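What follows draws every value from the coordinates through simple rules; no lab data is involved. As the structure is a computational prediction, the values presented were derived from the model and not from experiment. Note that each Cβ is placed from the backbone with ideal geometry, even for glycine, and that neighbours are counted across all protein chains shown.
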Amino acid sequence: MILSKHIRFRQILSLVLLVAFCMFLSGCSAKKPKVYRVGVLCGLDYIVDIQDSFKSKMAELGYIEGKNIIYDVKRTNFEPDKEEKILKQFVKDRVDLIFTFPTEVSMAAKAATRGTDIPVLFCFANIEGTGLVDSVRQPGGNITGIRYPGPDLAIKRFEIMRELAPSAKRMWIPYQRGYPIVASQMEVLNPAAAAAGVTLEEAPADNAAELHTILDARAKSADIGMDAILFLAEPLAVTSDAFAVMGKFAHEHKIPVGGALMLVGGYGSVFGVNVDIITTGKQAAILADKILRGTPAGTIPVVSAESFFEFNYKAAQELRLSMSEGLLSRADKIIR
């Protein structure tokens with residue numbers, strides 16, 4: 001009887017130890033949850049809010065910052081040398097994904113990751129004439145993203161300016177000298193302007209100081225040589241110091257400024273046609289999720305951002321511009 005109890009005790013003890021050992025082995029073999037590292041580079045202050053909407057949507061998709069994802073966020077403002085160093089560090093750190101916006105830093109990211117398997121996700125970037133992707137459906141390589149519809153927006157901006165100021169026959173177009181996405185926009189604008197009997201005068205410049213010199217000379221002449229200022233999708237016009245120069249000139253000569261909605265130092269543009277930054281960031285997060293789950297970036301079709309029309313009613317009213325009900329009804333946002 002005693003022997004039988006002793007044997008039963010040993011059997012139970014052996015079973016308990018076996019279960020404990022199996023649980024120990026199971027715990028040791030279980031993989032730790034993956035913590036993703038994403039390098040984020042915003043190359044233009046004007047669109048910095050993209051990173052917040054991107055991270056917000058990523059959280060909705062299950063990527064919790066500090067838990068299973070870490071963001072290394074960097075900001076520049078059209079500073080190529082600094083951007084190159086940042087991207088090289090991302091590559092050295094072997095991040096799981098590089099997220100860049102707008103066009104120029106995205107082009108730099110593609111170059112920096114050449115020969116690596118690090119995926120690049122661009123946002124707010126032109127693909128026309130930049131070599132960013134092979135095609136919309138098959139971006140190729142290690143890259144995909146959210147297309148900034150520059151040529152489409154350029155035409156919409158021109159058409160709205162024509163509606164607001166039908167008598168404006170000379171439009172002055174300032175832009176960053178040598179910026180890669182300007183040519184594709186001018187290619188669609190030139191024939192549209194010619195058909196409308198409008199003369200477009202391009203004004204490439206390196207910075208606000210150069211713009212000031214150009215406009216100061218025009219202010220001293222009997223004819224300033226322009227009836228309106230139209231912005232393309234490029235970085236110079238949306239930097240605060242450059243816009244302040246142009247906004248002051250336009251205010252003094254009572255001509256409209258439009259293309260991107262800006263308000264600096266009491267001077268404002270009349271309208272802006274752009275993409276919704278918040279929506280664009282969220283669109284990018286959906287693609288990021290696909291990439292982090294294992295889909296090769298180059299096989300994910302590029303997504304085009306939708307345009308967003310903002311109208312500064314007060315500024316238009318002060319300039320006595322033509323504001324039809326049709327135009328106002330198309331505005332996604334009206335500032336009164």
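Can you compute the charge dipole magnitude of segment 75-162 about its Cα centre, using +1 on each Lys and Arg Cβ and -1 on each Asp and Glu Cβ, nothing else charged? Give it in debye, rounded to the nearest 20. Kindly include the intermediate steps, with their values, before the conclusion.
Working: 13 positive and 12 negative charges, 18 e Å.
Using Cβ point charges on Lys, Arg, Asp and Glu, segment 75-162 gives about 80 debye.
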Worksheet entry | Given charges at Cβ of Lys, Arg, Asp, Glu: segment 20-161 dipole, positive-most of TYR36, PHE99, ILE47 | TYR36
Response to the item:
Quick numbers on segment 84-224, Rg and Dmax over C-alpha atoms in Å, give 19.0, 59
Worksheet, complete the sentence: PRE zone check, label point 7 Å out along Cα-to-Cβ of ASN77, amide N under 15 Å, scope segment 250-266, hits 263-265
Discussion item. With θ taken as phi - 60° and the coefficients 6.51, -1.76 and 1.60, list the Karplus ³J(HN,Hα) couplings across segment 223-232 in order, rounded to whole Hz; mark glycine and proline as x.
Written reply: 10, 6, x, 7, 10, 6, 10, 10, 8, 8
Worksheet entry | Cut-off under 5 Å, modelled amide H: who pairs with ILE334 long-range | PHE311
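So which of LYS220/LYS314; LYS67/LYS290; LYS55/LYS314; LYS82/LYS282 end up more than 31 Å apart by C-alpha? Walk me through the numbers before you get to the answer.
Working: LYS220/LYS314 29 Å; LYS67/LYS290 19 Å; LYS55/LYS314 34 Å; LYS82/LYS282 27 Å.
In this structure, LYS55/LYS314 lie more than 31 Å apart at Cα.
Could you calculate the contour length gain from SER304 to LYS85, that is, 0.36 nm times the residue separation minus the distance between their Cα atoms, to one decimal place in nm? Write out the running numbers ahead of the final one.
Details: separation 219, 0.36 × 219 = 78.84 nm, distance 2.90 nm.
Here the answer is 75.9 nm.
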Fill in: Karplus 3J(HN,Hα) series, Hz, for segment 155-172 with 6.51 cos²θ - 1.76 cosθ + 1.60 (x for Gly, Pro)
5, 4, 5, 4, 5, 5, 4, 5, 5, 6, 10, x, 8, 6, 9, 10, 10, 9
Practice prompt. Principal axes first, then extents: for the Cα atoms of segment 20-146, list largest minus smallest coordinate on each axis, whole Å, largest first.
Written response: 63, 28, 28
Item to complete: Please name which of LEU321, PHE78, MET226 has its Cα lying farthest along the dipole of the chain towards the positive end, using unit charges on Cβ (Lys, Arg +1; Asp, Glu -1) and the Cα centre as origin.
Response: PHE78
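Suppose every K and R has +1 on its Cβ and every D and E has -1 on its Cβ; what is the size of the dipole of segment 123-245 about the Cα centre, in Debye to the nearest 20? List each step's numbers first, then the result.
Details: 10 positive and 15 negative charges, 42 e Å.
Dipole size: approximately 200 debye.
Once you have the alpha carbon radius of gyration of segment 202-336, what is it after dividing by 2.2 N^0.38 Å, with N set to its residue count? Could the numbers behind the result be given before it?
Working: Rg = 18.6 Å, N = 135, 2.2 N^0.38 = 14.2 Å.
Compactness ratio reported: 1.31.
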Discussion item. So if I take the alpha carbon set of segment 225-301, get Rg, then get Rh from the Kirkwood formula, what is the Rg over Rh ratio?
Written reply: 1.23
Worksheet entry | Helix-only mean residue ellipticity at 222 nm for the chain, each DSSP H run of n ≥ 4 adding -39500 (n - 2.57), per residue, nearest 500 | -14000 deg cm²/dmol
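Over all distinct Cα pairs, what is the inverse of the mean 1/r for the chain, reported as the Kirkwood hydrodynamic radius in Å?
Evaluated over the chain, this radius sits at 22.5 Å.
Please state the relative contact order of the chain as a whole percent: Cα pairs under 8 Å, 6+ residues apart? Show your work: numbers first, answer last.
Details: 606 pairs, mean separation 62.5, N = 336.
RCO, the chain: 19 percent.
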Discussion item. Suppose R0 equals 30 Å. What FRET efficiency, 1/(1 + (r/R0)^6) with r the Cβ-Cβ distance, do ASP45 and ALA195 give to the nearest 0.05?
Written reply: 0.25
Worksheet item: Taking 0.36 nm per intervening residue step and subtracting the Cα-Cα distance, what contour gain separates LYS254 from LYS290 on full extension?
Response: 8.0 nm
Discussion item. Could you give each residue of segment 101-108 its phi-based ³J(HN,Hα) in whole Hz, using Karplus coefficients 6.51, -1.76, 1.60 with θ = phi - 60°, and x for Gly or Pro?
Written reply: 6, x, 4, 4, 5, 5, 5, 5
Worksheet entry | Contour excess over end-to-end distance, with Cα ends at LYS67 and TYR36 and 0.36 nm allotted per residue | 10.2 nm
Discussion item. With a cap of 13 neighbouring Cβ atoms within 10 Å, and only residues DSSP puts in a loop, list the chymotrypsin sites (Phe, Trp or Tyr not before Pro) found in segment 155-261.
Written reply: none
Worksheet item: Farthest toward the dipole's positive end in segment 101-201, which of TYR179, GLY131, THR113, given Cβ charges of +1 (Lys, Arg) and -1 (Asp, Glu) about the Cα centre?
Response: TYR179
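Only Lys, Arg, Asp and Glu count, each charged at its Cβ (+1, +1, -1, -1), so figure out the dipole size of segment 221-336 about its Cα centre, rounded to 20 debye. Before the final figure, lay out the partial values.
Numbers: 10 positive and 12 negative charges, 66 e Å.
I would put it at about 320 debye.
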Discussion item. For a quick check, take a GNM of the chain with Cα springs below 10 Å and name the residue from GLY258, GLY178, GLY43 with the largest mean-square fluctuation.
Written reply: GLY178
